[in-house]
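Okay, so here's the structure we're looking at.
What follows draws every value from the coordinates through simple rules; no lab data is involved. Only a predicted model underlies this, so the values are computations on that prediction, with no experimental measurement involved. With ideal geometry, Cβ positions are generated from the backbone for all residues, glycine too; neighbour counts draw on all protein chains shown.
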Amino acid sequence: MDDISTLRRILGTYRVLAVVGLSADWFRPSYFAAKYMQEHGYRVIPVNPKYGEILGEKCYPSLRAIPEKVQIVDIFRKTQDVMPIADEAIAIGAKVLWQQLGVKNTIAAEKARAAGLEAVMDRCVKIEHARLFGGLNWVGVNTGVISAKRPRWLAY
């Protein structure tokens, strides 16, 4: 269910993304992916009970607490934590259950599909969007760590 045409259709059609497990730490992959999606016109809704706000958006403790319609549920949690999130995604009427890189709960994906959702596993929304819509050059945060300048303190 995650061939190129399906991924392109999902990311081209659905624009409201709830990111479950989104961290407020700028160096975490969830933050980087959410920031990228936000910068590319998606409505990003953070879901993490630890925070009040992330990326300028109100953060919710669960999917059920979100007062608006969610289309894609993007999961940044461990594989074993996915099933209750899938149940919530089904309950709120989401359209897509998206499990991030390294997250592969096939039972949760099958349950979501049986309930009418599309399911994507082991893929990153940021990477797929960049690959399919031409954003691979988007770097995000300029940390100054990578440079073409040779350090002056090296004795070449």
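With respect to the conditions (1) outside any helix (DSSP H, G or I); (2) touching a residue at least 40 places away in the same chain (Cβ under 8 Å); (3) under 16 Å from residue 16 (Cβ atoms), residue 119 lacks only one, and its number is (3). Filtered by the rule that a residue be buried (at least 18 other Cβ atoms within 10 Å of the Cβ), in a helix (DSSP H, G or I) and in contact with a Leu (Cβ under 7 Å, 6 or more places away or on another chain), segment 2-30 gives 7, 11, 30. Within segment 38-57, the set of residues being closer than 13 Å to residue 24 by Cβ, outside any strand (DSSP E or B) and in contact with a helix residue (DSSP H, G or I) (Cβ under 7 Å, 6 or more places away or on another chain) comprises 55 only. Residue count for segment 58-94 under the criterion of being more than 11 Å from residue 18 (Cβ to Cβ), assigned to a loop (DSSP other than H, G, I, E, B) and of a type in the set (D, E, K, R): the result is 2.
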